[in-house]
1. Report the antiparallel proportion of the DSSP beta bridges in segment 12-340 as a percent, rounded to a multiple of 5.
2. Using a basic spin-label model with each label point 7 Å from the Cα along Cα→Cβ, how many nm lie between residue 75 and residue 248?
3. Of 8, 226, 63, 83, which has the most accessible area and how do the rest follow, probe 1.4 Å?
4. Taking loop as defined by DSSP and a crowding limit of 12 other beta carbons within 10 Å, which GluC sites (Glu not before Pro) in segment 1-90 fit?
5. Binned at 10 Å from 0, what are the whole-percent values of the Cα-Cα distance distribution for segment 266-324, short to long?
6. I need the fraction of alpha carbon pairs in segment 219-271 separated by more than 13 Å, rounded to a whole percent.
7. Please compute, for the alpha-carbon atoms of segment 128-263, the extent along each of the three principal axes and give them in descending order in Å.
8. Apply the a/c threshold of 1.5 to the C-alpha gyration tensor of segment 12-340 and tell me whether it is rounded, prolate or oblate.
Amino acid sequence: MTEVGGSYTDALTCAQKKELREIAAKIVADGKGILAADESTGTIGKRLSAISLENNEQNRQKYRQLLFTTPNLNQHISGVILYEETFHQSTDSGKKFVDLLNEQGIVPGIKLDLGVVPLAGTIGEGTTQGLDGLAAKAAAFKKGGCGFAKWRCVLTIADHTPSHLGMLENANVLARYASICQQNGLVPIVEPEVLCDGDHDLKRAQKVTEQVLSFVYKALADHHVYLEGTLLKPNMVTPGQSSAKKSSHEEIGLATVEALRRGVPSAVPGITFLSGGQSELDATANLNAINQAPLLKPWKLTFSYGRALQQSVLKAWGGKDANVGAAQKVLLARASANGAASLGKYQVRFSPLPWYQGPRIMVPEYQVPWYQGPRIMVPEYQVPWYQGSRIMVPEYQVPWYQGPRIMVPEYQVPWYQGPRIMVPEYQVPWYQGPRIMVPEYQVPWYQGPRIMVPEYQVPWYQGPRIMVPEYQVPWYQGPRIMGEDASSAAAESLFVAKHSY
Ligand SMILES: O=P(O)(O)OC[C@H]1O[C@](O)(COP(=O)(O)O)[C@@H](O)[C@@H]1O
């Protein structure tokens, strides 16, 4: 039954409300969002196994240290969600992660739920456990330096779900958690995730999301949760992952904002989306489209991404100490892109030449973020591990080449034996392997040494040519022409001596 005014007493003092409001405002500050690094032990195990690392405490600490020590992380990240183990961990030099984050002005948060359990009487639905002893835990995390918390509930879309009970129960447990958090000075992030599994279309996803949100905000009202001191972490409205009909970023942006406008009170200061298995680029482009949707949006709309901030970071790291700096640059690049998207100002940094309709091949953007010129890349299926954005040059720029193309350094694709085409050396100083380059006129601004492809392969090119030593392009058996510089001349001598043509 609906509560009547007389049975209600304010659960929070003005000072408590002010503190909650201030924490929430800090988290959704302009151009910033949350790094969700709260993967439970099982989930982080999946991420680590993708780079062949054992799921042990030491590797988990190493990885989280990499994330939290990223230089300038606080430019785009305002909050980090921690798993309980991580909350207790420190850097190699002994500084607690929580202190490290607080010192950077990043608010540490804590995952308080204990995962999903089956909900009896439903068709495969669940609820989230963890309420027992929650007040004491919340108080301890607050004392330990956290400013917010997160609790995730999961709802599924299928023929008969989500059920009324599923929505009611999950909304209620989120509200109870939120109420306990606020009593203990933590801003509750309320996460009712409608999973994208299934073949439903965008409309169905929108309707279900609207219903779920309505249940959640009814429950929060019933529990007298102070909305100004909360944040919402919802799914974006997307078609089911196995849906035959794909939607554009604009359609997703509009459907998401429509659903939020129907279900989320304007007293809520911010909405921090989960990425839900989207590719990194999609998660950024969708957030951008959400912020560009031509509808009134009374809340801040930003990110609280796990996978969409970490996929390429993990790949760039690969578990090797030598790659920590490179991986941190990747994290900063993703955070910066999402920060821009949270303002609706994200631009694909490299234009994919929209007038060109032919086939394209590419290198991943994060590997050469400083490069503004044309790029030649590998087909996507050749680097399936890479989820980020890709940019390309038209095939006609290298018409002589029929085979597969790869621009990434050799060590990253050791299985690839074919020819490689690359940008000038100074642009990828970290790369030590052999290089083959495009003709001079294509990079006229470049004055350094060049290594070129054989003449017959680019007959249209009349400019100076410099060739690589034979051992660098063992696959090439044709004539070679060399340029002036000594190293190339030496290489030519060797080649001519061997082939005497
Ligand atoms: O299943 P777990 O280990 O609780 O993790 C779920 C993950 O989902 C999130 O809520 C959202 O993550 P994504 O952005 O990857 O969807 C994370 O905060 C959390 O790490």
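The values are calculated or read from the model by the stated rules, or taken from the named source; none is laboratory data. Note that the structure is predicted; figures quoted are calculated from it, not measured. Because the Cβ atoms are built from the backbone with ideal geometry, glycine has one as well, and the counts that use them run over all protein chains shown. These accessible areas exclude ligands, DNA and RNA; they are computed on the full protein's heavy atoms, side chains included. Shrake-Rupley method; radii C 1.70, N 1.55, O 1.52, S 1.80 Å.
1. Numbers: 5 of 34 bridges.
In segment 12-340, approximately 15 percent of DSSP beta bridges are antiparallel ones.
2. For residue 75 paired with residue 248, the spin-label model returns 3.2 nm.
3. On the way: 8 90, 226 35, 63 0, 83 60 Å².
Sorted by accessible area, descending: 8, 83, 226, 63.
4. Numbers: sites: 3, 19, 22, 39, 54, 57, 84, 85; in loops: 3, 39, 54.
In loop regions of segment 1-90 (DSSP not H, G, I, E or B), the sparsely surrounded GluC sites (Glu not before Pro) are 3, 54.
5. 22, 39, 25, 11, 4
6. Details: 906 of 1378 pairs.
Above the 13 Å cut-off, segment 219-271 has 66 percent of its Cα pairs.
7. 49, 29, 23
8. Details: a/c = 1.42, a/b = 1.19, b/c = 1.20.
It comes out rounded by the Cα gyration axes.
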